[in-house]
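> Have a look at the structure that comes next, please.
The values are calculated or read from the model by the stated rules, or taken from the named source; none is laboratory data. Being a predicted model, the structure only gives us computed values, none of them experimental. As a convention, Cβ positions derive from the backbone with ideal geometry for all residues, glycine included, and neighbour counts pool all protein chains shown.
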Amino acid sequence: MAKHDTPMLDELEKGPWPSFVTDLKRQAETHPECWDILGQLELSYEDKITHWKHGGIVGVFGYGGGIVGRYSDVPGRFPGVEHFHTIRVAQPSGMYYSTENLRALMDLWDKYGSGMTNMHGSTGDMILLGTRTENLEPLFWDLTHDLKQDLGGSGSNLRTPSCCLGESRCEWSCYDTQDICYALTMHYQDEIHRPAFPYKFKFKFSGCANDCVAAIARSDFAVIGTWKDDIQIDQAAVKEYVAGNYSVNGGSHKDGDWGPFSLKKEVIDLCPTQCMWMEGEELKIDNSECNRCMHCINVMPRALRPGKEKGATICMGAKAPILDGAQFATMIIPFIEVSKENEYENIIDVIERIWDWWMEVGKNRERVGETMQRVGLPTFLSIMEVEPIPQHIREPRSNPYVFWKEEEVPGGFERDIVAFRKRHAA
Amino acid sequence: MGYDPKNPMEGRITDIGPHSYDDMLPPVIKANRGKWLYHEIPESGVLVHYAEGGGVCYTVRVGSPRLVSIEHVREMCDIADTHCEGYLRFTTRNNAEFMVDSKEKCDALIADLKSRGTKFPIGGTGACVTNIVHTQGWVHCHTPATDASGPVKAVMDDLFEYFVSMKLPAQIRIALACCLNMCGAVHASDIALLGVHRKPPMVDNDRITGVCELPLAIAACPLGAIKPAKATNSQGEEVKSVKVNSERCMFCGNCYTMCPAMPLADPEGDGMAILVGGKVSNAKSAPKFSKLVVPFLPNNPPRWPEVTEVVRRIVHVYAKDAKKYERIGEWAERIGWEKFFEKCDIPFTEKSIDDYRLAYDTWKTTAAFKYTSHTDAYTK
């Protein structure tokens, strides 16, 4: 494969941020097809349009997902990218790798692929970017037999679940995000690999309301850590913060000129529920008013910690805008225990209640959040067997168009118009 | 023995899933997992976590273009083998993290990373612009309206000083999605760069018969702009096809996703919109969607100067004007969006006024609520 002139891409080798162009050129020395990636991308920069064809169904036997087909629309000029299929490899929860495993994956991709990857894709999988159809089965064989790992999801199935790093390296995680993510990934291998849903379905697990994995914005089933008792306070540490001895917010604003720390300005006044105050040198919290947003804990991690009775809130139905506009996940279950003791049976029950219903009524390419909108939240809550509570809404409805059920109205809906007219002439 | 194409099902292994997280934790993480007490950020890009019993973990975070070669990943492995007992991790925003258990090891690690040119910029912590979450763009995708890796590189070059420092009022999360499908889920980002189309789809009557399920293409349009129609192909044959009512088209591209015979990408039609003020964290205020403030900027490779200029302007004005801890969306709401447009010198157009449908605005979309008697069933 010939090296192509890439004057525009060469411009992207300048500047302080690591350059993917430099990296592609480095890889092209051993994988000359990378010259064709660069060549075709340069052509797109000239033409201001993509040069990848629409679709192409490829895969491995028995799976309906995990590989995305891709073909160049200029294969004559760039034969190295004629086929450029993507392989999604399910990532380990929390995305920790041993170099032994990572090197084995790179050796595998050296053998079968273009040499380019995404670490990682948006859903969380490791993405191996660009290979030919005839390489798919041999690669899958080596992946499962030698590396003992598997593909992730694509298409109308359960997408590869993902989580924040949780308690592996975070003091705020209210449950073991990695463990439930791994357990449910293993429990639902069939649903990940064989599309049987109306559309994609995503689980995401965040250990606290800071939501580092953006569960509330992009997952159909968002499990967000929280607690139900009181924020733990270390009053001695509060004094250290006030005295300026501890770094505020862990030191996250160190390079700014923000002046000395003010507990009142930075914590008490910014509390969204105004549930904190000082009594002498003691910080007080009215926990019954707290909505567990995490701000005070973020600012004073050495003085404040989540409560001891921990679990999660479950929100459902988030998605990006296609088609009816973006949706955040709607709060459905205020508090649920998340414990490996019961192998997450209570969470699985909730998941399967949604799936049983959505697989029956969901339309083709309808995310569950859209199905929820279509049937309405009251109907969805009754399907979920969840009692409606004020926490389910931001505010009560402002229109009076209540869908009364016949059994709710004395005498029902059937009436006699003839009898009516005897009393009320038309 | 390997894959045998004559007996494809022979010896096949399926559904084994990923490796367990537990098999690949760095020793310092494995020893202190679940025991962490608090953390500090002594300098940009360095996190120190302290655990019960005295365990300490030093983490060095480095940026990455996400689109990385196996040579680049192997170099990361070399670094992890030298300093970190053979382990590393990646963040949800495509940064890489190296972990060690002492200050001395951390200093040696940092010196090593700094000796490798621009490949491993240390930063992305605290009140910074951290790495941009992005999609594939022209490198791999069939539906993009812009590139991803190129504009991301241009924006990060431009904002680099904010990646390697912590001087902003709060973190700025930037995301780029190369079309409205938003594989990058940019809709809740402080600054979202979004590839947009502006020309309705063409109909390829030579191709539509073989590749398109017409009812699906018709149903794919959220505004009913696509109708069945008879058409004539280039051979003069009458074919069953579709007709697009351009006046109704909102350029979402959903029809092209369903029907390869309806391409809509175009060098002049396509470009980038900028949305701002989104967040996913529940801290202080509920999660927010990003709002459209610039409806269109042209694709101008290789460095998208119009885009980098607007992004830089927004970041600079915000950096000067916002209060400590205030995210861009919170700042914009406090000062009012009219002030946002004025201060950032962004022309306001009717394109920023929503004329699409919006239905569910009274549902609770936050995990922040109060426990009352209504939640007793869950908590008592």
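> Of the conditions (1) under 20 Å from the mean Cα position of the chain (by Cα); (2) of a type in the set (D, E, K, R); (3) within 21 Å of A:MET316 (Cα to Cα), B:LYS370 clears all except one; give me its number.
Every condition holds for B:LYS370 apart from (1).
> Right, another one. Would you mind listing the strands (runs of 3 or more DSSP E) fully within segment B:1-63 where at least 2 residues are more than 7 Å from every other protein chain (Cβ to nearest Cβ)?
Working: elements: B:36-43, B:46-51, B:56-62.
Once the strands (runs of 3 or more DSSP E) in segment B:1-63 are filtered for at least 2 residues that are more than 7 Å from every other protein chain (Cβ to nearest Cβ), what remains is B:46-51, B:56-62.
> Right, another one. Which members of segment A:238-260 meet the condition of being at the interface with another protein chain (Cβ under 10 Å from one of its Cβ atoms) and either more than 22 Å from A:GLU171 (Cβ to Cβ) or among the aromatic types (Phe, Trp, Tyr) (or both)?
Kept after step one, since they are at the interface with another protein chain (Cβ under 10 Å from one of its Cβ atoms), are these residues of segment A:238-260: A:246-259.
Answer for segment A:238-260, where residues must be at the interface with another protein chain (Cβ under 10 Å from one of its Cβ atoms) and either more than 22 Å from A:GLU171 (Cβ to Cβ) or among the aromatic types (Phe, Trp, Tyr) (or both): A:TYR246, A:ASP255, A:GLY256, A:ASP257, A:TRP258, A:GLY259.
> From the list A:ARG132, A:ARG77, A:ARG88, which residue is more than 7 Å from every other protein chain (Cβ to nearest Cβ), closer than 23 Å to A:LYS319 by Cα and in contact (Cβ under 8 Å) with a residue 12 or more places away in the chain? Lay out the reasoning, then the answer.
On the way: A:ARG132 fails: closer than 23 Å to A:LYS319 by Cα; A:ARG77 fails: closer than 23 Å to A:LYS319 by Cα.
Exactly one of A:ARG132, A:ARG77, A:ARG88 is more than 7 Å from every other protein chain (Cβ to nearest Cβ), closer than 23 Å to A:LYS319 by Cα and in contact (Cβ under 8 Å) with a residue 12 or more places away in the chain, namely A:ARG88.
> Return the residues of segment A:57-72 that are part of a loop (DSSP other than H, G, I, E, B) and either within 9 Å of another protein chain (Cβ to nearest Cβ) or aromatic (Phe, Trp, Tyr) (or both); say none if nothing qualifies. Explain how you work it out, then say what you get.
The initial filter retains those residues of segment A:57-72 that are part of a loop (DSSP other than H, G, I, E, B), namely A:57-66, A:69-70.
Across segment A:57-72, the qualifying residues are A:VAL60, A:PHE61, A:GLY62, A:TYR63, A:ARG70.
> Restricted to segment B:1-37, and to residues that are hydroxyl-bearing (Ser, Thr, Tyr) and within 28 Å of the chain's Cα centre (by Cα), which residue is surrounded by the most Cβ atoms within 10 Å (Cβ to Cβ)? Show your work before the answer.
Step one: list which residues in segment B:1-37 are hydroxyl-bearing (Ser, Thr, Tyr), which gives B:3, B:14, B:20-21.
With within 28 Å of the chain's Cα centre (by Cα) added as a condition, the list becomes B:20-21.
Values: B:SER20: 16, B:TYR21: 25.
This residue is B:TYR21.
> Would you pick out the residues in segment B:180-193 that are facing another protein chain (nearest Cβ under 9 Å) and not small (Gly, Ala, Ser)?
Matches in segment B:180-193: B:LEU180, B:ASN181, B:MET182, B:CYS183, B:VAL186, B:HIS187.
> Hey, another quick one. Consider A:TYR96 against the criteria (1) surrounded by fewer than 24 Cβ atoms within 10 Å (Cβ to Cβ); (2) under 20 Å from the mean Cα position of the chain (by Cα); (3) hydroxyl-bearing (Ser, Thr, Tyr): it satisfies all of them except one. Which criterion is unmet?
(1) is the only condition that A:TYR96 fails.
> A further question follows. Residues of segment B:192-211 being of a type in the set (A, V, I, L, M, F, W, C) and surrounded by 18 or more Cβ atoms within 10 Å (Cβ to Cβ), which ones? I'd like the intermediate steps shown before the answer.
In the first step, residues of segment B:192-211 are kept if they are of a type in the set (A, V, I, L, M, F, W, C); the result is B:192-194, B:196, B:202-203, B:208, B:211.
The answer is B:ALA192, B:LEU193, B:LEU194, B:VAL196, B:VAL203, B:ILE208.
> A follow-up question, please. Based on this model, can you work out whether B:PRO121 counts as surrounded by 21 or more Cβ atoms within 10 Å (Cβ to Cβ) and at the interface with another protein chain (Cβ under 7 Å from one of its Cβ atoms)? Write out each step before concluding.
Details: surrounded by 21 or more Cβ atoms within 10 Å (Cβ to Cβ): yes; at the interface with another protein chain (Cβ under 7 Å from one of its Cβ atoms): yes.
The answer is yes for B:PRO121.
> Run A:LEU323 past the list (1) of a type in the set (A, V, I, L, M); (2) surrounded by fewer than 19 Cβ atoms within 10 Å (Cβ to Cβ); (3) touching a His at 6+ places or on another chain (Cβ under 7 Å) and report the number of the one that doesn't hold.
So A:LEU323 meets the others, but not (3).
Residues checked against (1) closer than 29 Å to A:GLY56 by Cα; (2) more than 8 Å from chain A (Cβ to nearest Cβ); (3) assigned to a helix (DSSP H, G or I); (4) not charged (D, E, K, R):
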{"position": "B:CYS255", "(1), (2), (3), (4)": "yes, yes, yes, yes"}
{"position": "B:ALA261", "(1), (2), (3), (4)": "yes, yes, no, yes"}
{"position": "B:ASP266", "(1), (2), (3), (4)": "yes, no, no, no"}
{"position": "B:LEU275", "(1), (2), (3), (4)": "no, yes, no, yes"}
{"position": "B:SER281", "(1), (2), (3), (4)": "no, no, no, yes"}
{"position": "B:LYS284", "(1), (2), (3), (4)": "no, no, no, no"}
{"position": "B:LEU292", "(1), (2), (3), (4)": "no, yes, no, yes"}
{"position": "B:PHE296", "(1), (2), (3), (4)": "no, yes, no, yes"}
{"position": "B:PRO301", "(1), (2), (3), (4)": "yes, no, no, yes"}
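> Now, a different point. Give segment B:86-102 a look and list any residue that's over 22 Å from the mean Cα position of the chain (by Cα), in a loop (DSSP other than H, G, I, E, B) and more than 9 Å from chain A (Cβ to nearest Cβ), or say none.
Within segment B:86-102, B:ASP101, B:SER102 qualify.
Residue-by-condition table, conditions (1) out of contact with any helix residue (DSSP H, G or I) (no Cβ under 7 Å at 6 or more places or on another chain); (2) surrounded by 16 or more Cβ atoms within 10 Å (Cβ to Cβ); (3) not assigned by TED's automatic domain parsing to the domain that holds A:GLY166; (4) not β-branched (Val, Ile, Thr):
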position	(1), (2), (3), (4)
A:ILE216	yes, yes, no, no
A:TYR246	no, yes, yes, yes
A:SER262	yes, no, yes, yes
A:CYS275	yes, yes, yes, yes
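> Could you please let me know if B:VAL129 is under 18 Å from the mean Cα position of the chain (by Cα) and in contact (Cβ under 8 Å) with a residue 12 or more places away in the chain? Please lay out each step first, then the result.
Numbers: under 18 Å from the mean Cα position of the chain (by Cα): yes; in contact (Cβ under 8 Å) with a residue 12 or more places away in the chain: yes.
Against the criterion (under 18 Å from the mean Cα position of the chain (by Cα) and in contact (Cβ under 8 Å) with a residue 12 or more places away in the chain), B:VAL129 qualifies.
> Only one of A:GLU407, A:GLU366, A:GLU370 is on the phi < 0 side of the Ramachandran plot, assigned to a loop (DSSP other than H, G, I, E, B) and either over 33 Å from the mean Cα position of the chain (by Cα) or in contact (Cβ under 8 Å) with a residue 24 or more places away in the chain (or both). Can you tell me which?
Working: A:GLU407 fails: assigned to a loop (DSSP other than H, G, I, E, B); A:GLU370 fails: assigned to a loop (DSSP other than H, G, I, E, B).
Being on the phi < 0 side of the Ramachandran plot, assigned to a loop (DSSP other than H, G, I, E, B) and either over 33 Å from the mean Cα position of the chain (by Cα) or in contact (Cβ under 8 Å) with a residue 24 or more places away in the chain (or both) holds for just one of A:GLU407, A:GLU366, A:GLU370, which is A:GLU366.
> Going through A:ALA183, A:ALA236, A:ALA209 one at a time, which residue ends up being closer than 17 Å to A:ILE336 by Cβ and either over 20 Å from the mean Cα position of the chain (by Cα) or outside any helix (DSSP H, G or I) (or both)? Spell out the reasoning first.
Numbers: A:ALA183 fails: either over 20 Å from the mean Cα position of the chain (by Cα) or outside any helix (DSSP H, G or I) (or both); A:ALA236 fails: closer than 17 Å to A:ILE336 by Cβ.
None of the other options fit; the residue is A:ALA209.
Yes/no matrix, rows are residues, columns are (1) free of Cβ contacts under 8 Å to residues at least 40 places away in the same chain; (2) within 12 Å of another protein chain (Cβ to nearest Cβ):
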| residue | (1), (2) |
| --- | --- |
| B:VAL68 | yes, yes |
| B:ILE79 | no, yes |
| B:GLU104 | yes, no |
| B:ALA111 | yes, no |
| B:LYS114 | yes, no |
| B:GLY117 | yes, yes |
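> Considering segment A:189-206 alone, what residues qualify as being farther than 17 Å from A:ARG367 by Cα, within 11 Å of chain B (Cβ to nearest Cβ) and touching a strand residue (DSSP E or B) at 6+ places or on another chain (Cβ under 8 Å)?
A:HIS193, A:SER206
> Of everything in segment B:136-146 that's assigned to a loop (DSSP other than H, G, I, E, B) and at the interface with chain A (Cβ under 7 Å from one of its Cβ atoms), which residue is farthest from A:ALA320 (Cα to Cα)? Break it down stepwise before answering.
At the first step, the residues of segment B:136-146 found to be assigned to a loop (DSSP other than H, G, I, E, B) are B:136, B:140-146.
Filter once more, so that each one left must be at the interface with chain A (Cβ under 7 Å from one of its Cβ atoms): B:140-142, B:144.
Numbers: B:HIS140: 20, B:CYS141: 18, B:HIS142: 18, B:PRO144: 16 Å.
Filtering segment B:136-146 for residues that are assigned to a loop (DSSP other than H, G, I, E, B) and at the interface with chain A (Cβ under 7 Å from one of its Cβ atoms), the one farthest from A:ALA320 (Cα to Cα) comes out as B:HIS140.
> Also: Of the residues in segment B:62-76, how many are surrounded by fewer than 24 Cβ atoms within 10 Å (Cβ to Cβ) and in contact with a His (Cβ under 7 Å, 6 or more places away or on another chain)?
0
> Give just the number: which of (1) out of contact with any strand residue (DSSP E or B) (no Cβ under 9 Å at 6 or more places or on another chain); (2) within 7 Å of chain A (Cβ to nearest Cβ) does B:VAL73 not satisfy?
(1)
> Condition (residue is away from every other protein chain (no Cβ under 14 Å) and among the hydrophobic types (A, V, I, L, M, F, W, C)) applied to segment A:339-348: is it met by at least one residue?
Of the residues in segment A:339-348, the ones away from every other protein chain (no Cβ under 14 Å) are A:341-345, A:348.
Still in the running and among the hydrophobic types (A, V, I, L, M, F, W, C): A:348.
Yes, that holds for at least one residue.
> Residues being touching a Pro at 6+ places or on another chain (Cβ under 6 Å) and either in a loop (DSSP other than H, G, I, E, B) or in contact (Cβ under 8 Å) with a residue 12 or more places away in the chain (or both): count how many of those fall in segment A:16-54.
Adding up the residues that qualify gives 6.
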